[in-house]
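Let me begin by presenting the structure, written as structure tokens, before commenting on it.
The values are calculated or read from the model by the stated rules, or taken from the named source; none is laboratory data. The shown structure was predicted, so the numbers you read here are calculated from the model rather than taken from an experiment. Glycine gets a Cβ as well: all are built from the backbone with ideal geometry, and neighbour counts include every protein chain shown. These area figures cover heavy atoms from the full protein model, side chains too; ligands, DNA and RNA do not enter into them. Shrake-Rupley method; radii C 1.70, N 1.55, O 1.52, S 1.80 Å.
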Amino acid sequence: MTAADPNGALIVAVILFSLGALGVLVRRNLLFMLMSTEIMLNAACLAFIAAGSRWHMADGQVMFMMVVAFAAAESAVGLAIILRMHAAGRSTLDADTGNRLGG
């Protein structure tokens, strides 16, 4: 793979995104769903970097930084929700029990 041919990186990005989407749809554990979402965001970052290298532009790297900032905020909020569920006495991190959090 050369810098002008991002086909390999895009194939890897599609595979990673598919695995992440499959993880979100199949697993009901909130921690695994959070990790699958992070995998999907990393796949999007890889696609941005590959597209930026294809056209020799720094736009892909700028979008990478924005997605990384979004992923950090998403992880912080997701972990806060998981800790709140654990503090409320939930014995499981099943996503279906999240509707009983309350105020």
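For this structure, a couple of remarks:
- When the solvent-accessible area of the chain is split by element, carbon and sulfur atoms take up 72 percent of it, the probe being 1.4 Å.
- Taking label points 7 Å from Cα along the Cα-to-Cβ direction, Ala21 and Gln61 give a separation of 3.0 nm.
- In this view, the solvent-accessible surface of Leu46, computed with a 1.4 Å probe and all protein chains in place, comes to about 60 Å².
- A run of the chain free of exposed loop cleavage sites, with trypsin sites (Lys or Arg not before Pro) counted only in DSSP states other than H, G, I, E and B and at most 16 other beta carbons within 10 Å, reaches its longest extent at 29-89.
- Whole-Hz Karplus values for region 23-33 come out as x, 5, 6, 8, 7, 10, 6, 4, 5, 5, 5 Hz, taken residue by residue from phi with 6.51 cos²θ - 1.76 cosθ + 1.60 and θ = phi - 60°; glycine and proline positions read x.
- Projecting the Cα atoms of Met65, Ser53, Leu83 onto the charge dipole of region 16-99 (Cβ charges, centred on the Cα centre) puts Leu83 farthest toward the positive pole.
- Calculated from backbone phi, Karplus (6.51, -1.76, 1.60) coupling profile of region 53-69 in Hz, x at Gly/Pro: 6, 5, 9, 6, 10, 8, 4, x, 6, 5, 5, 4, 5, 5, 5, 5, 5
- Region 16-103, accessible area per residue, ligands and nucleic acids excluded (1.4 Å, Å²): 65
- Theoretical ellipticity at 222 nm over the chain - DSSP helices of four or more residues, -39500 (n - 2.57) apiece, nearest 500: -25500 deg cm²/dmol
- Under a Gaussian network description of the chain, with springs only between Cα atoms under 10 Å, the residue in Ala69, Ala50, Ala13 that fluctuates furthest is Ala69.
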